[in-house]
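Report on one structure; see the data block that follows.
The values are calculated or read from the model by the stated rules, or taken from the named source; none is laboratory data. Everything numeric in this text was worked out from a predicted model, so none of it was measured. Glycine also receives a Cβ, built like all others from the backbone with ideal geometry; neighbour counts cover every protein chain displayed. Just so you know, the surface numbers come from the protein's heavy atoms only, side chains and all, with ligands and any DNA or RNA stripped out. Shrake-Rupley method; radii C 1.70, N 1.55, O 1.52, S 1.80 Å.
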Amino acid sequence: MEIILLKYPRRPLYELNTTTMRYYLPVFLLFIVTLFSACHEQASEATGPVVEESTYGLNSVVLLTKDTLQVVLSDYFKEGATVDSIHFPKGLDSDWKRGANEMMLFGEMEAWIDAMEVYINGQMLVVPVKRPAMEKVRLTFASSEKQDSIDLVGDLNSWTRGVDRYQDGGGIYYLELELAPGGYAYRLIVDGVEMLDPANAHTVPNGFGAFNSFLKVEPSNAELIPHLVVKEAVDDLIHVVTSVDGGKWFALWQNQSIEKAADDNLFAIPEAAKELERSYVRVWSETAQGLSNEVRIPLEYGKVITSTEQLTRYDNEGNIMYFMMVDRFVNGDTSIDEPVEDDRILPRANYYGGDLEGVRQKLEEGYFEDLGINTLWISPITENPTGAYQEYPEPRRWFSGYHGYWPISFKKVDHRLGNNAGLKTLVDQTHTDNKNIILDYVCNHVHQEHPMIIAHPEWRTQLVLPDGRRNLRLWDEQRLTTWFDDFLPTLDFSIPEVTDVMSDSAIWWIEEFDFDGFRHDATKHIPESFWRANTIKLKKLGEERGRKYFQVGETFGSRELIQSYIGSGMMDGQFDFNLYFDAVSVFKDTTSPMTKLSESLMASLNYHGSLHAMCNITGNHDLTRFISLAGKAVRDDEDQKEAGWHREIKVEDPVGYAKLKMLETFIMTIPGIPVIFYGDEIGMPGANDPDNRRMMRFDDLAPEEEAVKAHVEAITRLRSDHMALLFGDVEIVQADENVLVYKRTYLADQVITCFNNSNRPVEVTVPTEMEMAGMDASIVHASEDGVLTMTLPPFSSQILYSK
């Protein structure tokens, strides 16, 4: 008979009355002494944490929500792992019963971070649970007239009406919220009329020619929250320093608790780490005011990794990604060119001739190597229809499927892009070049010509809603069922067969061609049950092949919504559109302060983790190119799609190139995975889709374009050379109207990034205890007593790094 002891019991297992205690206490104490001796004898045989057999890797942190939260054990533990018992953090309770895979967490956790201790075959494994920092916010709306309803819709509720409704306070309507620190775009709907908040003068462009109100939520007592830095590693000890003494430590090796080895904040690397090529130590500290950043230390067979040369292409932290639309990149085989013969399709909405052979040729030429890219992301390549289809919204233009997002096949490469054999050659050559390649996979919908939907029309969601409206592009109202267009039926994943077919199709592309992962289209429009089913299959395949695969999702919405699709059982990360939109609003002109960018950066780190796998983009195929905004060719207050149809979009103001270099510096020096959208390495202009999908240019570049490309090459090399940019903390040194300076440190490696977003030179002082070099040494004009002084030119960035 096996006895499971729960460490630090939260509640008595039973109660004893005085009579019972008088007669049975001696017997009870004898039992406890005997049990303790047996457990001590058993524990003495152990040497601390051991190699785990029940998990696939690091268990992600569970981020609690305001209400109940579902936890699915199969997200964290392998099939067949029997959970004996679970010990929940103090203040939390659950409806879990032995043998159940799912549970609900509820209550208020006392600590900022704590362990949900899961016992499997006698081994205790930890799922970290984090309580988010929330601030109370009160909004008001004054009205002399009676209002039937006032709803707030915005980033904080995924633009869903009816979720946050104002209460009538007798002429002053009010709404009380609890929000994480950060910025939130929103609008009000007053008796059915959408409007800006008249009580808030702060606005931001919405990208469609209008503006949204903007709410800024400040953190409280930030200076009392610990900030951690990995200071040094000596032998088997890791030294972590904190800005606030007296905090409570929480540390893990893999998914097992480890204790502080001494009073000097030293953490011992377990002996078991020597058995694994890659494992990690994770450390947090908390005070009553809040939780520190996470520090994560990668290990190689039990030794701390100190150089990027020790990393492999399977270490996501070192990825630098490049996204290309295959049809718009390089025409490597003109014999397969086949644009749709239909005069209703304007040229920019038709096939241009790019193909997989063109991508292979640029790989062979060393284009990606010279650019510093180690991961390719290619647009969807499955067969698309050969005809023309009319877009639903006005002005109802005609399009071809050049982009690849209208699949009519599960297993065939589109004949205009190449063939299956050519794809295999490209993937193999990418791996020979020590690079990853991920596939853009579409599973939310298929084209109406797809044989599957013809055979099973019942597998699509309803196009006509009960109220008679057509369920088209109701992105938030009908998030899981809406159609992208009336010829693109959305799949009904509540039907188990749909989940099976679509996840099997995804895995087939990995099995057949050896892709390194996926970019998943329209992530938020697909239920979590599908992502869990797909991820479990992918993890099992990875275990068979002795490797892991990367998955990144695409979700436009609040940070909370985005984070809900990230974790051990779903995505590794998503595109950080919230941070990108804030970066665009700050860098494109001087109307938004740099403090907005620093606050947005910290909001992302608080929501998604200090060392997350979110993807930070220069732009993408659904957005106006940044340089066309910064170069003043496209305005915030116009329809940016229509702008690309009606006039030639160029770079009107050359300062746009300088601003683009600032954006590229930013994404290369913050946590996450930087992603370059093809053409942004030279500053190729473009309004919104499809003008942002021009044919890639490689020759006859203007001097400004060459300068941008040289800048990208320099900062990708810098990122690839510095562990501080992959595993370092983020410390904001200075943030004001025009200047942003942040520092990242990992052991003896330190990188300091500085921005001047003004039209005049700015002097900046930066404290550092290390000897630093710079990308542009000419602007550093003093270094004394641990302080560097430099003059940043207008609209520029400077990166300093330890020698």
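Taking residues in the stretch 543-555 that are touching a residue at least 40 places away in the same chain (Cβ under 8 Å) and more than 18 Å from W508 (Cβ to Cβ), and partners anywhere that are in a strand (DSSP E or B) and among the aliphatic types (A, V, I, L, M), the pairs with Cβ atoms closer than 9 Å and at least 6 places apart or on different chains are V552/M321; V552/I438; V552/M571; V552/I673; V552/V675. All conditions in (1) surrounded by fewer than 23 Cβ atoms within 10 Å (Cβ to Cβ); (2) in contact with a Leu (Cβ under 8 Å, 6 or more places away or on another chain); (3) closer than 22 Å to A630 by Cα hold for V730, with the sole exception of (3). In summary, strands (runs of 3 or more DSSP E) completely within the stretch 115-161 and bearing 1 or more residues that are among the hydroxyl-bearing types (S, T, Y) and in contact (Cβ under 8 Å) with a residue 40 or more places away in the chain occur at 135-142.
Search the stretch 751-783 for residues being among the polar types (S, T, N, Q) and buried (at least 22 other Cβ atoms within 10 Å of the Cβ), and hand back the single one that is nearest to E232 (Cα to Cα). Filtering the stretch 751-783 for residues that are among the polar types (S, T, N, Q) and buried (at least 22 other Cβ atoms within 10 Å of the Cβ), the one nearest to E232 (Cα to Cα) comes out as T753. Restricting attention to the stretch 514-534, the residues being polar (S, T, N, Q) and surrounded by fewer than 23 Cβ atoms within 10 Å (Cβ to Cβ) number 1.
If the condition is being of a type outside the set (K, R) and surrounded by fewer than 19 Cβ atoms within 10 Å (Cβ to Cβ), then the stretch 690-703 contributes M695, F698, D699, D700, L701, A702, P703. Of the numbered criteria (1) out of contact with any strand residue (DSSP E or B) (no Cβ under 6 Å at 6 or more places or on another chain); (2) part of a strand (DSSP E or B), the one I676 fails is (1). Among the candidates S307, S285, S279, the residue that is polar (S, T, N, Q), closer than 29 Å to F77 by Cβ and in contact (Cβ under 8 Å) with a residue 40 or more places away in the chain is uniquely S285.
Take R344 and tell me if it is within 27 Å of L58 (Cα to Cα), open to solvent by 30 Å² or more (accessible area, probe 1.4 Å), part of a loop (DSSP other than H, G, I, E, B) and not β-branched (V, I, T). So R344 fails the test. Residues that are open to solvent by less than 40 Å² (accessible area, probe 1.4 Å) and not β-branched (V, I, T) were ranked within the stretch 136-149; the one that is farthest from G107 (Cα to Cα) is S143. Could you grab me the full set of residues in the stretch 548-560 that are part of a loop (DSSP other than H, G, I, E, B) and either hydrophobic (A, V, I, L, M, F, W, C) or open to solvent by less than 40 Å² (accessible area, probe 1.4 Å) (or both)? Hits for the stretch 548-560 are Y549, E554, T555, F556, G557, S558.
Going through (1) in contact with a Pro (Cβ under 9 Å, 6 or more places away or on another chain); (2) open to solvent by 60 Å² or more (accessible area, probe 1.4 Å); (3) in a strand (DSSP E or B) one by one, P219 falls short only on (3).
Only residues that are of a type in the set (G, A, S) and within 24 Å of A522 (Cβ to Cβ) were counted across the stretch 622-652, and they come to 1. For the stretch 531-561, a residue qualifies if it is within 15 Å of S158 (Cα to Cα) and modelled with pLDDT of 95 or more, and the qualifying residues are E554, T555. Identify, from the list P407, P385, the residue that is touching a residue at least 60 places away in the same chain (Cβ under 8 Å) and part of a loop (DSSP other than H, G, I, E, B). Every option except P385 fails the conditions. The one condition from (1) within 30 Å of M134 (Cα to Cα); (2) in contact with a helix residue (DSSP H, G or I) (Cβ under 9 Å, 6 or more places away or on another chain) that S610 does not meet is (2). Of the numbered criteria (1) more than 26 Å from the chain's Cα centre (by Cα); (2) open to solvent by less than 40 Å² (accessible area, probe 1.4 Å), the one K632 fails is (2).
Checked against (1) open to solvent by 10 Å² or more (accessible area, probe 1.4 Å); (2) of a type outside the set (V, I, T); (3) farther than 28 Å from P393 by Cβ; (4) touching a residue at least 60 places away in the same chain (Cβ under 8 Å), E511 passes all but condition (4). Among the residues of the stretch 152-179, those that are crowded, with 20+ Cβ neighbours inside 10 Å and under 18 Å from W475 (Cα atoms) comprise L152, V153, G154, D155, L156, N157, S158, W159.
Among the conditions (1) of a type outside the set (S, T, Y); (2) modelled with pLDDT of 95 or more; (3) open to solvent by 10 Å² or more (accessible area, probe 1.4 Å), the only one that L597 does not satisfy is (3).
Note on the stretch 100-114: residues that are under 25 Å from S292 (Cα atoms), assigned to a strand (DSSP E or B) and open to solvent by 40 Å² or more (accessible area, probe 1.4 Å) amount to 2. Can you find a residue in the stretch 630-643 that is assigned to a strand (DSSP E or B) and of a type in the set (A, V, I, L, M, F, W, C)? Looking through the stretch 630-643, none of the residues is assigned to a strand (DSSP E or B) and of a type in the set (A, V, I, L, M, F, W, C).
Among the numbered conditions (1) open to solvent by less than 40 Å² (accessible area, probe 1.4 Å); (2) in a strand (DSSP E or B), the only one that E317 does not meet is (2). Remark: pairs (first residue in the stretch 666-695, within 30 Å of A603 (Cα to Cα) and among the charged types (D, E, K, R); second residue open to solvent by 10 Å² or more (accessible area, probe 1.4 Å) and assigned to a loop (DSSP other than H, G, I, E, B); Cβ separation under 6 Å; 6+ apart in sequence or on different chains) = D689/D622. Pairs are defined by a Cβ separation below 6 Å, a sequence spacing of at least 6 or placement on different chains, a first member in the stretch 51-70 that is farther than 16 Å from G542 by Cα, and a second member that is basic (K, R); the pairs so defined are V61/K130; L63/K130; L64/R131. Of the residues making up the stretch 223-232, not a single one is surrounded by fewer than 20 Cβ atoms within 10 Å (Cβ to Cβ), modelled with pLDDT under 95, closer than 29 Å to K588 by Cβ and over 25 Å from the mean Cα position of the chain (by Cα).
Results for (1) assigned to a loop (DSSP other than H, G, I, E, B); (2) among the hydrophobic types (A, V, I, L, M, F, W, C), shown as yes or no for each residue.
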residue: W531; (1), (2): no, yes
residue: N534; (1), (2): no, no
residue: K540; (1), (2): no, no
residue: I562; (1), (2): no, yes
residue: Y580; (1), (2): no, no
residue: D589; (1), (2): yes, no
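Picking from residues in the stretch 594-624 that are out of contact with any strand residue (DSSP E or B) (no Cβ under 8 Å at 6 or more places or on another chain) and either of a type in the set (V, I, T) or not in a helix (DSSP H, G or I) (or both), the one that is farthest from K743 (Cα to Cα) is D622.
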